[in-house]
Amino acid sequence: MDGVLLVLPDHWNVKEMDSLLSKGKHVLLYGFPKQLSISNEERFTFQDLTFEKSLHVDSRLSLVGDQLLTLGFDAGLVLDVTAMSNKFVTKTDVAQAVSISDDNLAGGKQYTRLFAKSNEKGGRLVWMDFSPNKEDHAYSLNLNYFNGLIASIFRFLDQDKPTYQAIALWPQGKKFAALLEEDTEDQYYEAQRVAEYFGSKNYPITWYVLSNDAQQYKSVTRLLAETGEMACHGDNHQPFILNSERQQHMRLARCKKVVKALTNQTVYSFRPPEERHDNTTFSALANNDFRYFIGKTAVDRFVPQLYQNKEKTKSIVSMPRMGSDDYSLWSQYKMNAEDSINTLKHEADWVETVGGLYMFSFHTQYMGDDNHFHTVTGIADYIAKKPVYFALTSEIGEWWKVRAALQQKKAVSKDQFAKYQPVTLKVSKTGQLERSDVLFE
Ligand SMILES: [Zn+2]
C-alpha cells in the first residue's frame, strides 16, 4: 500500500470506495458521498454507516473512549468541531465519536461524527463529518486535543506505524462506570429505606452525611455504614466557600472524627454543601487525608480528574456530575415519575455509549416521596444490568489513581491488581482492537 487516499466531500462514490477498500487501500473520507446530493433517497448506507436527511445537526462531538482512534483519550472529551453539512446525520453501532447536545450535560441523539474500520484485505477506512483543518472550526475548539485526534487518525491509516496501546478506562475492561450517592442531611432518617433497598440488592452506594445529623440518628448511621461507604458532606450545611483554610480544615476534621466514632469507617471522600468550594478546599482536603471529591459538573469530558493541593504534594480525584441530579428533576423541572426515570435512563445510556462515568446524586429530603424513591431504585436496577463497573466513590477514585500509575509505569500493589484487574487495549498490525490482561510486575 502506497500512502493514504484523502477524498473530499461530494467527490466520492460509494462503489468506488468499496472497491478500493476491498483492494486493501487506506482511505480517509470527509463528509458525504456524491450520491447523497443527487439522490432523493431518505437513507443511504456505506460500509457500517447509514446517512440520513436531517433538519438539525449538533455542532459538537464527544469522543467514545477505548476505541481504535481514541485509545489514551478521556472518554466523552468534547470538541467544538463544525459538521460539513447540516442536512445529514449518520448512524453506526461502532462510532469513534458521537454528537452531543448543546448544553453541558450528558445527552443527545448519539449520531456518529467519526468512524474507523479495517478489513481482512488490509483495507482501512476513516470517515469523518468534519474538516481536519483547524481554520474550519469554532474559535473555542481546543487545538491540543483536536491535533491529537487528527494525529491518531493518521496513525491508524499509516500501516508502517507501529502498533499502539493503552490501559482500558475502567477496571476489568468494563464499558463504563457508575456511582450513586445520597446527600444524607435534612430528613436524615429517609436514608433508611434507601439503605435497606441497596443492601437487599447488594448495590454499591456512598453516603455523604452531615456529621451533626449523623450524631442525632446513630442507629440509621450504623445501618448506612453496613450497606455502603461513609463519606462527608460537612459538619453542618454551611457553605465551605465562606471559610478560611483553617476553618475548612477544622470542619472536615470534625466530620471525619464523628463518622469514625459512630461507624468505625475512615472517611476519604467529601462533597461540599451546595457543591460550593474554592482552591482552599482542595488543600484542606489533602491535609485531612481526604482523597476523593464530588462537587464539580463535567465541562468537557466524562471521566474523573485529578486536582492538587496548593503545595502540589497530594492529589484529589474529582468525580464530576455529568447529568441530572434529583434537584434538577424535581425542583427545577418538576418532572413526573415517568419523565424522571426516562431522563435518567437516557443519560445513563449516553454515558455508556461514550464509555464514561455515570454519577447520580440525590438527597434524603426527596426520599419520603414514593415516586422519587422508586426513581432512585429504578435507575440503580437499570444500571446494575449493564456491562458496568458499578462501585463506591473510593473504588472509582482509587482506580483512577491506579490507572494513572500504570500508564506512568509506576508501582501498583498486588491487592490493587487483584481488585481492579486492569486490561490493556492494543491496535494490532491488522488494525483490530485486541484486549489482554495487564500482567503484574
Ligand atoms: Zn446538601
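Please treat every number below as a calculation from the coordinates, not as lab data. From a predicted model like this one, the values you see are computed outputs, not experimental measurements. Reconstructed Cβ throughout: ideal geometry from the backbone, glycine too, with neighbour counts over all protein chains shown.
Here is how the numbers come out for the structure above:
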read-out: DSSP bridge orientation in the chain - percent antiparallel, rounded to nearest 5; value: 50
read-out: Peptides ranked, highest mean first, by Cβ atoms within 10 Å: ranges 363-372, 83-92; value: 83-92, 363-372
read-out: Cα pair distances in the stretch 172-397, grouped into 10 Å bins until the bin that holds the longest one, percent each; value: 8, 35, 38, 17, 1
read-out: Contact order relative to length of the stretch 5-161, as percent, for alpha carbon pairs under 8 angstrom and 6 or more apart; value: 25
read-out: Value of Rg/Rh across the stretch 216-307 [Cα atoms, Kirkwood radius]; value: 0.98
read-out: Principal axis dimensions, the stretch 136-209 - Cα atoms, whole angstrom, descending; value: 61, 34, 15
read-out: Cα-projected label distance for V14 with H237, points at 7 Å along beta-carbon direction, nm; value: 5.9
read-out: Extension gain from A411 to T266, taking 0.36 nm per residue of separation minus the Cα-Cα distance; value: 49.8 nm
read-out: Across K117/K201; K34/K426; K175/K310; K15/K87; K25/K410, pairs whose alpha-carbon gap is larger than 31 Å; value: K117/K201; K34/K426; K175/K310; K25/K410
read-out: Distant-in-sequence amide H partners of G107 (H built 1.01 Å from N, under 5 Å); value: S101
read-out: Cα gyration tensor shape for the stretch 299-369, rounded if a/c is under 1.5, else prolate or oblate; value: oblate
read-out: Tail beyond 31 Å, pair distance distribution of the chain (Cα, percent); value: 46
read-out: Using distinct alpha-carbon pairs, which all enter the 1/r mean, Kirkwood radius of the stretch 1-144 in Å; value: 15.7
read-out: The chain: DSSP helices with Cα axial extent of at least 20 Å and average Kyte-Doolittle hydropathy no lower than 0.5; value: 143-157
read-out: Charge dipole magnitude, Cβ of K and R +1, D and E -1 - the stretch 1-131, Cα centre, debye nearest 20; value: 360
read-out: Rounded to whole Hz, the Karplus (6.51, -1.76, 1.60) HN-Hα couplings of the stretch 288-299, x for glycine and proline; value: 9, 6, 7, 10, 10, 8, 10, x, 10, 9, 4, 9
read-out: For K314, residues with placed amide H under 5 Å, excluding near neighbours; value: N309
read-out: The stretch 157-237, relative contact order [Cα under 8 Å, separation at least 6], %; value: 29
read-out: Cα-centre dipole for the stretch 205-265 with unit charges at Cβ (Lys and Arg positive, Asp and Glu negative), debye to 20; value: 220
read-out: DSSP bridge orientation in the stretch 172-397 - percent antiparallel, rounded to nearest 5; value: 15
read-out: Estimated dipole of the stretch 55-210 in Debye, rounded to 20 [Cβ of Lys and Arg +1, of Asp and Glu -1, Cα centre]; value: 940
read-out: Length-normalised contact order of the chain in % [C-alpha pairs under 8 Å, at least 6 apart]; value: 18
read-out: Long-range HN-HN contacts of F46 with modeled amide H, under 5 Å; value: F51
read-out: Theoretical FRET efficiency, 1/(1+(r/R0)^6), r = Cβ-Cβ of K334 and D437, R0 41 Å, to 0.05; value: 0.30
